[in-house]
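First up is the structure itself, then whatever we jot down about it.
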Amino acid sequence: MTTLVTGATGFIGGNLARALSKRGEDARALVRPAANDLAIHDTKVKQMPGDLLDIDSLSRAITGCDTVYHCAATYSFWSRRPADIYRTNVAGTQNLLNVARQAGVRRVVFTSSVATIGLPSAGAASPRQQLGDEDIPPAPSHLIGHYKQSKYQAEQLALAANGDDLEVVVVNPCAPVGKWDVKPTPTGRIPLDFARGRIPGYLATGMNLVDVADVAQGHIMAMERGRPGERYILGHRNLTLRQVFGMLAAITGRRAPRLRFPYWLIIGAAYCDQWLESGIMRREPAIPVEGIKIARRPMYVSSRKAVSELGLPQSPVEAALEKAIRWFTDYGYL
C-alpha cells in the first residue's frame, strides 16, 4: 500500500511520516521546493516536489496512492495576507480531495483541529458535561480569527467529500508537544519560550495537551479503524497554563512565573505589539491578538471517542514536554 502525506515537513505531518516509515510503509511526502525538510530528512519517505495549489504536482504525487493523510495547513495566528491562509487551508484541501477522488484513492484522513470543536454552554451539571466533544458544533462567536475559520471551512469540505467512492475520516488534534517541531508551532513556543526565560507571567487559561507521537499514532489508527464521516479528538490531559508551567519548571529547573496577568492587560499589549511589529516593522508580532482572543476561554475537551474506538495512546504529557525541551536543545534552539 502506498500513502501520501501532505504537510510532512511540519510538526504533526513530520512525526506521522516518521511513524509510517518506521512501520515499513511505502510513504510519500508532498514537499514544496523551498521547504525545510529537517523533520523527514533522515527517513525513507520519498519526497515529491509540489504544492497544494499546483494541481499538476499534486496529481503526480498522489497517482498510485491508496491512502492520503492531509496534514498540510498554515498554523498561524497572524499573516500579512490573511487570504493566503484560506488559499492553503481551504482551497488546498478542496484541490487535494478532488485529485484524490480522480486518482482512485480509497481513504483520506484529514487533519483538522481542536479549534473546530464546540464547547458546552457554561454551567454544565457535571465535569464530564463541561468538556467539548465531537458532537458539539462550534458557536460562530468561538470561530475567532482566520486560522479557526479556515480550518472549520476545510473540515466541512472534508466531511462533505466522504462518500462511496472516497472515505474521509477527520481527526482533531489538541495541543501537541514533542520532537520535530521545526518551525516551531504556536504550541511548541510554550516550552521553548519557557526554557529561554521569556515568559514573565501567565494568563488564566488552559488547553488539552497531548504527545505529538500519540497524535501521529492516532492518525494511523484513524486510517485503519476510523468510521468514515466521523470526527475524532486526538488529545489527552486538560491542564491550566499555570499547571503546564509547573511541569516545565520541574523539567528545566527554571522558576515558573507567579504573576497572573489580567486579560485586559494582555489583549492591550497584543494590540500595541501588533501595531508596532506588524504595522511598522512588517514582521510577525510576538503577542498575536488572535491567539490571545482564542486563549480567553480554556479549551477543555474529551478524547474518549478516540481512545475507545481507535485505541489512541495516552502517554504522559510530562514526558512529552521533556522530549520537546531535549529536542530544542539538541537542535540548537536553546
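Taking θ = phi - 60°, what integer Hz values does the Karplus form 6.51 cos²θ - 1.76 cosθ + 1.60 yield along the stretch 33-50, in sequence order, with x for Gly and Pro?
Using θ = phi - 60°, the values come out as x, 8, 6, 7, 9, 3, 4, 10, 5, 10, 10, 8, 5, 7, 7, 10, x, x Hz.
Cα-based count: Lys pairs in the chain below 27 Å, eight or more positions apart or different chains?
Going through the chain pair by pair, I get 25.
Strictly greater than 22 Å: what percent of every Cα pair in the stretch 212-334 meets that? Walk me through the numbers before you get to the answer.
Working: 4288 of 7503 pairs.
Roughly 57 percent, rounded to a whole number.
For the chain, what is the percent of antiparallel DSSP beta bridges, rounded to the nearest 5? Can you show the working numbers first?
Numbers: 5 of 37 bridges.
Once the DSSP bridges in the chain are tallied, antiparallel ones form about 15 percent.
Could you tell me the calculated FRET efficiency between GLU25 and ALA250, based on Cβ-Cβ distance and R0 = 22 angstrom, to the nearest 0.05?
Numbers: r = 37 Å, r/R0 = 1.68.
Here the calculated transfer efficiency is 0.05.
Can you give the FRET efficiency to the nearest 0.05 for SER141 and ARG81, using r as the Cβ-Cβ distance and R₀ = 25 Å?
Details: r = 25 Å, r/R0 = 1.00.
Efficiency for this residue pair is about 0.50.
Just for the Cα atoms in the stretch 134-216, what are the lengths along the principal axes, largest first, rounded to whole Å?
52, 31, 21
So how do 309-318, 325-334 stack up, highest first, on mean other-Cβ count within 10 Å?
Details: 309-318: 17.4, 325-334: 14.6.
Highest mean packing first, the order is 309-318, 325-334.
Give the long-range amide H neighbours of LEU4: residues separated by 5 or more places, or on another chain, with amide H under 5 Å away, using H modelled in the peptide plane at 1.01 Å from N.
Here the answer is ARG28, THR67, VAL68, TYR69, since their amide H atoms fall under 5 Å of that of LEU4.
Using 0.36 nm per residue, how much length does the chain from GLN94 to GLU284 gain when fully extended, once their Cα-Cα distance is taken away? Don't skip to the end; give the middle numbers.
Numbers: separation 190, 0.36 × 190 = 68.40 nm, distance 2.78 nm.
Between GLN94 and GLU284, full extension yields 65.6 nm more.
Round to the nearest 0.05 the FRET efficiency obtained for GLN314 and ILE55 when R0 = 30 Å and r is the Cβ-Cβ distance. Before the final figure, lay out each step's value.
Working: r = 40 Å, r/R0 = 1.32.
The calculated FRET efficiency here is 0.15.
With viscosity set to 0.692 mPa s at 37 °C, what whole-number translational diffusion coefficient in µm²/s follows for the chain from Stokes-Einstein and a Kirkwood radius over Cα pairs?
Details: Rh = 20.3 Å.
The calculation lands on 162 µm²/s.
A short reminder: the numbers here are calculations on the coordinates, not readings from a lab. Keep in mind that what you see is a predicted model, and the values were worked out from it rather than measured. Note that we place each Cβ from the backbone using ideal geometry, even for glycine, and neighbour counts take in every protein chain shown.
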